[in-house]
Amino acid sequence: MSTTLNFLKTRTATFKLTNDVVVQQQVLDFSLINAASTEKVGAIVIPAGALVLGTSMTVLTPGTSGSSGKLGDEDADTNWQNTSLALDAVANTTKFSLPGDTNPALGGKFYPTATQLSVKLSAHAQTALKLAVTARYMILNAVANAT
């Protein structure tokens, strides 16, 4: 099992759109904590009973030239983004994704237990990158209350 680097000094924003839909964003600031070239960086904790509808990664400040990253969960490093986002892209470059194993009836991936979305880095260490990771999910109360 790989080790996941977690940020201690980051900003998290959670917006409740309705009684059941939440948009959560975590800004990963690599100027605060440097990351090795193959690091797995914890970004967002998804609560038990959540149906994740989609995710995105947005480059806020470009990282090391030639680097890339993928978004995954505890099931697989690339469960959410099978193709990489260039982390040296210009600011505001965004990659949106649906889960790799989308349930067509529900339109998302259901997590009966809490999980963590993580960014898997590749190619180069990061010392300047600022990356916003966003998840949009619904809390399915009947399931969440049953666990």
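None of the figures in this text is laboratory data; all of them are computed from the coordinates on show. Here the structure is a predicted model, which is why all the values come from computation and not from measurement. Because the Cβ atoms are built from the backbone with ideal geometry, glycine has one as well, and the counts that use them run over all protein chains shown.
Summary of values
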quantity	calculated
Stretch gain in nm, segment Ser31-Ala125, where the contour uses 0.36 nm per residue and the Cα spacing is subtracted	32.7 nm
Glu74, Glu39 arranged by Cβ crowding within 10 Å, fewest neighbours leading	Glu74, Glu39
Stretchable slack from Val45 to Thr93, in nm (0.36 nm times residue separation minus alpha-carbon distance)	15.0 nm
Per-residue Cβ neighbour rank within 10 angstrom, fewest leading, Val27, Val119, Val90	Val90, Val27, Val119
Cβ-based exposure ranking for Ser31, Ser118, in which fewest neighbours within 10 Å come first	Ser31, Ser118
